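Remarks on the structure that follows.
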Amino acid sequence: MKKTAAIILSALMLTSAAFAANSAPAPAPNDGSVKPGQQCPNFAAHKQKILGQIAQRIQRLQTVQACVQAAQDHQALKACRESGGRN
């Protein structure tokens, strides 16, 4: 049984390595339009969007945390999870 599991695991590892070798390379981070040391023209807007999304997640988590802390039974705890969503 252990030999069979080891053989299957080895085959899976080799298969994944073959797929990784055949996949397209990642795109270059600099396509030549931005010189080294310079930032992308929309960097500030992109950064603000990400920070806004993080702030929204933190707010949702804090709301769920307060609900869980106030829960007195399993049903209330379940209601917290359902109302808070998962993101």
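The numbers here are math on the coordinates, done by the rules we state, and not lab data. Since this is a predicted model, take the numbers as computed values, not measurements. Every residue, glycine as well, gets a Cβ built from its backbone with ideal geometry; the counts of neighbours run over all protein chains shown.
Things to note:
- LEU51-SER83 pseudo-label distance in nm [points 7 Å out on the Cα-to-Cβ vector]: 3.1
- Distance in nm between pseudo-label sites at HIS74 and GLN62 (7 Å out along the Cβ direction from Cα): 3.2
- Positive-end residue of LEU77, VAL64, GLN48, charge dipole of segment 43-87 with Cβ unit charges: GLN48
- A simple rule links phi to the HN-Hα coupling: the Karplus curve 6.51 cos²θ - 1.76 cosθ + 1.60 with θ = phi - 60°, which for segment 40-50 gives 4, x, 9, 4, 4, 5, 5, 4, 5, 4, 5 Hz, with x for Gly and Pro.
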